[in-house]
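*Asks:* Just dropping this structure here.
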Amino acid sequence: MDIKEYTLEILDYINIIYKKNTDHYSDISLMNGITSLAIANLTIGIKTNNTYYIEMSRDIMENVLDRINTDEYGLKNTVSYCNGFAGICEALCLFSHKNIIDFNSEDLEDLDEFLFENAILLFSSNNPDYLHGAMGVLYYFSNRYDGNTGKIADYIESLIKKYQDMIISDEKGIRITNNVLLDQKNREFNFSLSHGLSGHVVIFLEIYKKYPSPHILTIVEGIEKYINSFKKQPSSGNNVYKTFFPTFIVEGENILEDPENAGYNSRLAWCYGELNYAMMYLKLNEVYKEVKYLDTAKEILETTIYRNNPEEARVNSPFFCHGASGLVALNMYFYKKTQNTEYRKLADYWKEFTMSSFPKEELYKAIDHNPFCLLEGGTGLVIGLSALIEEDHSFDLKENMTWERILLLN
């Protein structure tokens, strides 16, 4: 079975789950609700030039709008990008921009104000998280901004300044506390894409492309300086995990001499680990046009090539966040960015791993537990595998991006 047929079969299975009990699914969130299924259908519809999936995505988003208008929805969090209105509004704008739903983004003004006010509160309570906190709201506003949206520009500027108010800045560089993470120690700082500093750099650089505030460059350069101060050579004697960077550090602990307990224990995944820093340095090169950043990204990536196996990558899941389909998508991203065919081969490797390691009955049983989850469920599996589906027609890639922007792979 080829990758297109395999992926469409999975999506059809999830669509059947949705259709059988549409009224039951009240979670309309971007990453854990039915909006994720709309994104998966839109992605496949565009990739395969199949209007059935485009129409399916439209029907789902119209259901989302109806639930909002009638107040018949359930959300784990009303604000966040992952589970709240920041992510839902992101999707509504995406579908409106593609003329799939008849929706005026001006109708979001009340929600935008609600999100802005809550993002300020989240920053004040040390929750700058991309998935569950203020950075996700800021990222939504940056994607909403079109150069002429005055109030959105004010929100962006105010949130950037609030971020600056919350940072720790000294000769080491810039970092910020994230209290959304459980069981953290005092002066612990997370470096991951999903919850930490590398994700903040990627988001700020995406914002800078549209909203070139000098404050952003100050923040980005300070964070990169801080992360880089903990760089180790993978071949060094006590670096048993063969990684350049830790996934977190606790200031004051003897971290460089004790990598076993200091966050250098890194998997290969979308959510945290070495691939996050490769993404960060590729994005730095994209904005700064400085070869040193590209060289650093390539240096990191080259050391991960030989770790692309289930044991060293620590992969035992087919899903996106820290599973095989996420590595399909990530390696295709690195292939497109570097033109190094090794990453295309690795994407194929993880595709084959997914198809051979998870029998259909076992896979569908896992999907049943979380069909509408982008990170750890069925819809994320679909979008990850979709990275390998060849387009059936020619189109402008940027114009047709769907999930890539949501998961910071644009």
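The values are calculated or read from the model by the stated rules, or taken from the named source; none is laboratory data. Because the structure is a prediction, the values reported are computed rather than measured. Backbone-built Cβ (ideal geometry, glycine too); neighbour counts: all protein chains shown.
*Asks:* Restricting to the range 138-155, name every residue that is surrounded by fewer than 22 Cβ atoms within 10 Å (Cβ to Cβ) and over 20 Å from the mean Cα position of the chain (by Cα).
*Replies:* Once the filter is applied, which keeps residues that are surrounded by fewer than 22 Cβ atoms within 10 Å (Cβ to Cβ) and over 20 Å from the mean Cα position of the chain (by Cα), the range 138-155 yields D146, G147, N148, T149, G150, K151, A153, D154.
*Asks:* Is it true that some residue in the range 277-296 is in contact with a Ser or Thr (Cβ under 9 Å, 6 or more places away or on another chain), surrounded by fewer than 21 Cβ atoms within 10 Å (Cβ to Cβ) and not small (G, A, S)? Before you say what the answer is, go through the steps one by one.
*Replies:* The first filter runs over the range 277-296 and keeps only residues in contact with a Ser or Thr (Cβ under 9 Å, 6 or more places away or on another chain), leaving 277-282, 284-285, 294.
Now drop any that are not surrounded by fewer than 21 Cβ atoms within 10 Å (Cβ to Cβ), which leaves 285, 294.
Going one step further and asking which of them are not small (G, A, S), we end up with 285, 294.
Yes, the range 277-296 contains a residue that is in contact with a Ser or Thr (Cβ under 9 Å, 6 or more places away or on another chain), surrounded by fewer than 21 Cβ atoms within 10 Å (Cβ to Cβ) and not small (G, A, S).
*Asks:* If you scan the range 346-361, which residues turn out to be among the acidic types (D, E) and at pLDDT 95 or above?
*Replies:* Let us first name the residues in the range 346-361 that are among the acidic types (D, E), namely 348, 352, 361.
Passing the criteria: D348, E352.
*Asks:* Kindly indicate whether P318 is closer than 30 Å to T7 by Cβ, within 19 Å of the chain's Cα centre (by Cα) and modelled with pLDDT of 90 or more.
*Replies:* Answer is yes for this residue.
*Asks:* Which one is nearest to S125 (Cα to Cα), of the residues in the range 153-188 that are part of a strand (DSSP E or B), of a type outside the set (V, I, T) and modelled with pLDDT of 95 or more?
*Replies:* To start, the set of residues in the range 153-188 that are part of a strand (DSSP E or B) comprises 168-170, 173-175, 188.
Filter again for of a type outside the set (V, I, T), leaving 169-170, 173, 175, 188.
If we keep only those that are modelled with pLDDT of 95 or more too, we end up with 169-170, 173, 175.
Details: S169: 18, D170: 21, G173: 22, R175: 15 Å.
The selected residue is R175.
*Asks:* Within the bounds of the range 48-71, is there any residue that is touching a residue at least 60 places away in the same chain (Cβ under 8 Å) and buried (at least 19 other Cβ atoms within 10 Å of the Cβ)?
*Replies:* yes
*Asks:* Further question: Go over the candidates G147, G87, G136 one by one and state the one that is farther than 22 Å from F191 by Cα, small (G, A, S) and not in a loop (DSSP other than H, G, I, E, B). Break it down into steps so the answer makes sense when it comes.
*Replies:* Working: G147 fails: not in a loop (DSSP other than H, G, I, E, B); G136 fails: farther than 22 Å from F191 by Cα.
None of the other options fit; the residue is G87.
*Asks:* So which residues in the range 168-180 are surrounded by fewer than 17 Cβ atoms within 10 Å (Cβ to Cβ) and under 30 Å from I88 (Cβ atoms), if there are any at all? First the steps, then the outcome.
*Replies:* Within the range 168-180, the subset surrounded by fewer than 17 Cβ atoms within 10 Å (Cβ to Cβ) is 168-172, 179.
Once the filter is applied, which keeps residues that are surrounded by fewer than 17 Cβ atoms within 10 Å (Cβ to Cβ) and under 30 Å from I88 (Cβ atoms), the range 168-180 yields only N179.
*Asks:* Take A324 and decide whether it is farther than 29 Å from I100 by Cβ and under 19 Å from the mean Cα position of the chain (by Cα). Let's see the steps before the verdict.
*Replies:* On the way: farther than 29 Å from I100 by Cβ: yes; under 19 Å from the mean Cα position of the chain (by Cα): yes.
Against the criterion (farther than 29 Å from I100 by Cβ and under 19 Å from the mean Cα position of the chain (by Cα)), A324 qualifies.
*Asks:* Something else now. Within the range 312-341, track down each residue that is in a loop (DSSP other than H, G, I, E, B) and either within 18 Å of Y272 (Cβ to Cβ) or of a type in the set (S, T, N, Q) (or both). Please lay out each step first, then the result.
*Replies:* Kept after step one, since they are in a loop (DSSP other than H, G, I, E, B), are these residues of the range 312-341: 314-323, 339-340.
Correct list: R314, V315, N316, S317, F319, F320, C321, H322, G323, Q339, N340.
*Asks:* Considering every residue within the range 383-392, establish whether at least one is of a type outside the set (K, R), touching a residue at least 40 places away in the same chain (Cβ under 8 Å), in a helix (DSSP H, G or I) and surrounded by fewer than 24 Cβ atoms within 10 Å (Cβ to Cβ).
*Replies:* no
*Asks:* Would you say S125 is over 22 Å from L75 (Cβ atoms), of a type in the set (G, A, S) and at pLDDT 95 or above? Full working, then the answer.
*Replies:* Numbers: over 22 Å from L75 (Cβ atoms): no; of a type in the set (G, A, S): yes; at pLDDT 95 or above: yes.
No, not satisfied.
*Asks:* Under 22 Å from T379 (Cβ atoms), surrounded by 24 or more Cβ atoms within 10 Å (Cβ to Cβ) and of a type outside the set (F, W, Y), is that true of M135?
*Replies:* Working: under 22 Å from T379 (Cβ atoms): no; surrounded by 24 or more Cβ atoms within 10 Å (Cβ to Cβ): yes; of a type outside the set (F, W, Y): yes.
Criteria not met by M135.
*Asks:* Please give the number of the condition D129 fails out of (1) acidic (D, E); (2) in a loop (DSSP other than H, G, I, E, B); (3) over 21 Å from L374 (Cα atoms).
*Replies:* The single condition D129 does not satisfy is (3).
*Asks:* Moving on. Identify, by number, the condition in (1) hydrophobic (A, V, I, L, M, F, W, C); (2) at pLDDT 95 or above; (3) loosely packed, with under 15 Cβ neighbours inside 10 Å that V79 doesn't meet.
*Replies:* Answer for V79: the failing condition is (3).
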